[in-house]
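Here is the structure we will look at.
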Amino acid sequence: MSMAERSMGLSLRALGRLAGSDVVDRLGVRKPAERILYRATRDGFKAAGAAGRTFKAVNGNGKPKRLPSAAGTGLFDLTPTEEQQMLQESFKAFGQEQLRPAALSADTDAQAPAELLAAGGELGLTMLGVPDELGGAVSERSSVTAVLAAEALAQGDMGLAVALLAPAGVASALALWGDGDQQATYLPAFVEEETPSPAALALQEPRALFDPFALQTTARRERDDFVLDGVKSLVPLAERAELLLVAARLEGHGPVLFLVETKARGVLVKAAPSMGVRAAATGDVLLEGVRLPARALLGDGDPTVYAAAVRRARLAWCALACGTARAVLDYVIPHVNERVAFGEPIANRQSVAFTVSDIAVELEGMRLATLRAAARLDAGKDAAREVAIARTLCSEKGAWIGSNGVQLLGGHGYVKEHPVERWYRDLRAVGVAEGALLV
Amino acid sequence: MINLEIPKKFVPLVGQAHQVAEEVFRPISRKYDQEEHAYPKELDMLAALIDGMNEGSGSGAGAAGVRREKSDGDGVRNGSNMSTVLGIIELCWGDVGLLLSMPRQGLGNSAIASVANDEQLERFRGKWAAMAITEPEAGSDSAAIRTTAVYDEATGEYVLNGEKIYVTSGERADLVVVWATLDRSVGRAAIKSFVVERSNPGLKLDRLEHKLGIRASDTAAFILDDCRVPRENLLGSPEIDTSRGFGGVMQTFDNTRPLVAGMAVGLTRACLELTERLLREAGVEVDYDRPASTQSAAAAEYLAMEADFEAARLLTLEAAWMADNSKPNSLQASMAKAKAGRTCVDVALRCVRLCGSLGFGQELLLEKWARDAKILDLFEGTQQIQLLIIARQLLGKTSAELK
């Protein structure tokens, strides 16, 4: 080794030692140094919910209301109920007429227009998972309905669908697992007002190989309170959310969900647009010693409640993938039929036509797997395996469909004149995203 | 109401079929793989049992009835298409080759059950019928078959001439349903199917094939040499109706493709179950809640295979459910066949790799299943033919436009 190389090695090692804070350790300044780093990562965060509402806690409301499971005939059946068909039609129309035209600018702005969020209130999205006696719109558990709704909306636009459905997810969680007081405190903001309270399920954390069952956000007990610390990412509507359902590892217990009013001291938010689903206005949420009352714990910290929430969130993303993949299929069919190359429509070529076939085949598989998992949830059956299968399909085949949507349009697919480039980005969210919304 | 679980009423049937697969098929699986062309006599008693089951319940475990049932107007039906598919899935979990060798459960029986008139149904009842479509020069392109049928007014017979290959159970069956053309210049519309008695001297066995897999099932080649068939043995209309095109004979496929998809689903499940056990013995278990990327590569691969399996299974059930409910299902039938066919080959070969020499060796059945699997992506329409059918439907293309 030449002298020059060795000296280079030396200097790099020296630099590494500094940066690796051997020195700061020796000098006993680890804490201040970390604080500097910490402040750096805090840049851009601001207090959340400043302009948002204050929820008035209700006490002594008694027993929570729960939805019974639907009876059914037990026959294999792919026919939605008349009610579901009606909802499906109207959501599909809303997706085509309202969401699709707004999608491009919402994607660019990384914001969902306020009037669309209000329209979501008019559609009663937040009421679909809530019993009618609590102001909701249903009398039976209806993950299938929620799946069909998410699919129909995402056929219009996935990002806007997430923005619209994130509050509905929190409302459903309250209906499923909230106690009487939690339901009375929070549900009115979702079912009684013109625009439902902006809210979301904050589960994800920013690191590779994130596992929702191995959280780094922590909760510790301090007398009757809980104190939360950590960072959440990919949280829809982060900047305007008034209520977040935050996943944290309760020390000595395991992962649980907390109802966190964003007005609480120590809740900081930052817009953090991603590759896709940008209209959902996703952001990071920093929890700095957030002190919560005992009643903020959802579902008594029951581990099965937490696992169910994770699964239901995954299923919601599956439904979104089915909707957007359907949009891809519907878009490429006329394109390949009309686009002429070498003297005839490119659809006359097997390589093009077979790609369309494969999109249809894989999409149908995704869809059936998603519906099966949802129907099992509604019937009160275990759905861990079925959700995992649906998620695997929707993540892998969904992204593949997004990619081939662009491919079939060639260069045209790469420019924003056509929506397929957005669908390419949106479909990658599935398999990445945990939480955010649930069915 | 949307529900994708197997209805309770089919649970006994699935249980019975599984028992047959486990106790009759599996123990002789390797034997007839090694003794190709030997007749699996163990199946005779079983076939009699299945005949009885079909008589009794109207829903057999084998490849019998796929006749379209009229909707009785009282909502959703789970009928014989679904029960048959469910039975086949179980039996092919046992052994695909042996299912194909089941007496009186041939594809020809499906064709007869699907398109024969009442007189023919009665006359051919209880017979074992094979199906002869493919020719040396006409495989997937079945409209190009060269076997001719010429009507002899004097005797009221059709005279068949040509060569047929890949006739499953052709040597063992009582009848062979032969596709032949009344007029080669007309194309598809002139293609008709004829029921030929195996004993007909004009139907000459040329050879039995030696195959990659499903070796328990015999595959025959025939020469039709002035083979005279009474006109009552023609299935469907004797007229050449160009407006109906290929519909008559091809209609069978809408009903039989989900069955072949079911075969693939059953074989895939066999591979997955054995692999799951061997992986567990090797210390790998799939956790459905934790992200696949945080688990071992083998667990993640298993989950991916299981997902494709489930997609294939549900597509197959969807196609059968549509047939039961008189919904046009040729799109879904081809989607099921395409997905199930490629999934079973893909899964079987990956399972062999995951299981190493245990998967590759002949002591267990995995290597045999991997060989058996390939036929399921070929017969009853290859992968490519399914994709063509799907694409033509989705894109609104004729066969002249999308070749």
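Worth pointing out:
- Region B:1-47, residues that are within 14 Å of chain A (Cβ to nearest Cβ), assigned to a helix (DSSP H, G or I), among the β-branched types (Val, Ile, Thr) and buried (at least 16 other Cβ atoms within 10 Å of the Cβ): B:14
- Test for residue A:344: is it at the interface with chain B (Cβ under 9 Å from one of its Cβ atoms) and within 21 Å of residue B:300 (Cα to Cα): no
- Of all the listed residues (B:139, B:126), the sole one being under 20 Å from the mean Cα position of the chain (by Cα) and closer than 24 Å to residue B:384 by Cα is B:139.
- Within region B:79-91, residues that are within 16 Å of residue B:333 (Cβ to Cβ) have Cβ atoms under 7 Å from residues that are of a type in the set (Asp, Glu) and assigned to a helix (DSSP H, G or I) in these pairs: B:79/B:324; B:81/B:324; B:82/B:324, counting only partners at least 6 apart in sequence or on another chain.
Conditions (1) under 19 Å from the mean Cα position of the chain (by Cα); (2) buried (at least 19 other Cβ atoms within 10 Å of the Cβ), marked per residue:
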position: A:179; (1), (2): no, no
position: A:190; (1), (2): yes, yes
position: A:193; (1), (2): no, no
position: A:199; (1), (2): yes, yes
position: A:213; (1), (2): yes, no
position: A:225; (1), (2): no, no
position: A:231; (1), (2): yes, yes
position: A:239; (1), (2): yes, yes
position: A:250; (1), (2): no, yes
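- Every condition in (1) in a loop (DSSP other than H, G, I, E, B); (2) surrounded by fewer than 18 Cβ atoms within 10 Å (Cβ to Cβ) holds for residue A:115 except the one numbered (1).
- Of all residues in region B:309-329, those satisfying the criterion of being acidic (Asp, Glu) and either at the interface with chain A (Cβ under 7 Å from one of its Cβ atoms) or free of Cβ contacts under 8 Å to residues at least 40 places away in the same chain (or both) are B:310, B:318.
- Unique match (being buried (at least 24 other Cβ atoms within 10 Å of the Cβ) and in contact (Cβ under 8 Å) with a residue 60 or more places away in the chain) among A:387, A:336: A:387
- Among (1) touching an Asp or Glu at 6+ places or on another chain (Cβ under 6 Å); (2) more than 8 Å from chain A (Cβ to nearest Cβ); (3) surrounded by fewer than 22 Cβ atoms within 10 Å (Cβ to Cβ), the one test that residue B:298 misses: (1)
- Count of region B:83-130 residues, restricted to those that are under 13 Å from residue B:193 (Cβ atoms) and aromatic (Phe, Trp, Tyr), is 1.
- Looking across region A:184-217, the residues that are acidic (Asp, Glu), in contact with a helix residue (DSSP H, G or I) (Cβ under 9 Å, 6 or more places away or on another chain) and at pLDDT below 95 come down to A:193, A:194.
- Residue ranges of helices (runs of 4 or more DSSP H) in region B:71-176 with at least 2 members under 15 Å from residue B:259 (Cα atoms): B:80-94, B:96-100, B:107-115
- Pairs meeting the criteria (first residue in region B:356-382 and closer than 30 Å to residue B:140 by Cα, second residue in a loop (DSSP other than H, G, I, E, B) and of a type in the set (S, T, N, Q), beta carbons under 8 Å, at least 6 apart or on different chains) are B:368/B:362; B:381/B:140; B:382/B:140.
- Exactly one residue out of A:360, A:429 is in contact (Cβ under 8 Å) with a residue 12 or more places away in the chain and within 13 Å of chain B (Cβ to nearest Cβ): that is A:360.
The values are calculated or read from the model by the stated rules, or taken from the named source; none is laboratory data. Fair warning: this is a prediction, and the values are worked out from it, not measured in the lab. Neighbour counts run over all protein chains shown; Cβ positions are idealised from the backbone, glycine included.
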